[in-house]
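Trainee: This is the structure I want to talk about, given as structure tokens.
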Amino acid sequence: MQCRFRQDTLRCDVLDRSYPTPAEAAGCSPAWEGRLALRPEGAVALPCSGAAVRNDEAFVLGYGARWIVPGISCESEEAGLRCTNAAGHGFQASRSKLDLF
């Protein structure tokens, strides 16, 4: 998974996943590519399209570490990446599972 914070939005791409496309993204055409978007307020969005955030030179958030940007915090765990906004919405994503809350 790779993420980037820009223009008040955290964008993450799940690069390798084994779970099916979530119902919220089932209508994407072409198929949903694992994109997540989270702003400081509001629910997680699953964009159908947009530029990939992949950057192989970006820093890696190690297990047990936290990344905080304005209005959003993310924690890296062996179970996946968990990001939550100031309104309490967010996601936990891994190769095998995606939970939106």
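Trainee: Of the residues E41, E33, E24, only one is assigned to a loop (DSSP other than H, G, I, E, B), closer than 14 Å to F101 by Cα and in contact (Cβ under 8 Å) with a residue 12 or more places away in the chain; which?
Mentor: E41
Trainee: Something else about it: Inside the stretch 48-96, can you point out the residues that are surrounded by 15 or more Cβ atoms within 10 Å (Cβ to Cβ), part of a loop (DSSP other than H, G, I, E, B) and among the small types (G, A, S)?
Mentor: Filtering the stretch 48-96 for residues surrounded by 15 or more Cβ atoms within 10 Å (Cβ to Cβ) gives 53, 61, 67, 69, 71-76, 80-85, 89-94.
When the remaining residues are screened for being part of a loop (DSSP other than H, G, I, E, B), the result is 53, 61, 71, 89, 94.
Correct list: G71, S94.
Trainee: Taking the conditions exactly as written (in contact (Cβ under 8 Å) with a residue 40 or more places away in the chain and of a type in the set (S, T, N, Q)), does Q2 satisfy them or not?
Mentor: Here the answer is yes, as Q2 does meet what is asked.
Taken together, the values in this text are just the output of simple stated rules run on the coordinates, not laboratory data. Everything numeric here is computed off the predicted structure, so don't read it as measured data. So basically every Cβ, Gly included, is an ideal-geometry build from the backbone, and we count neighbours across all protein chains shown.
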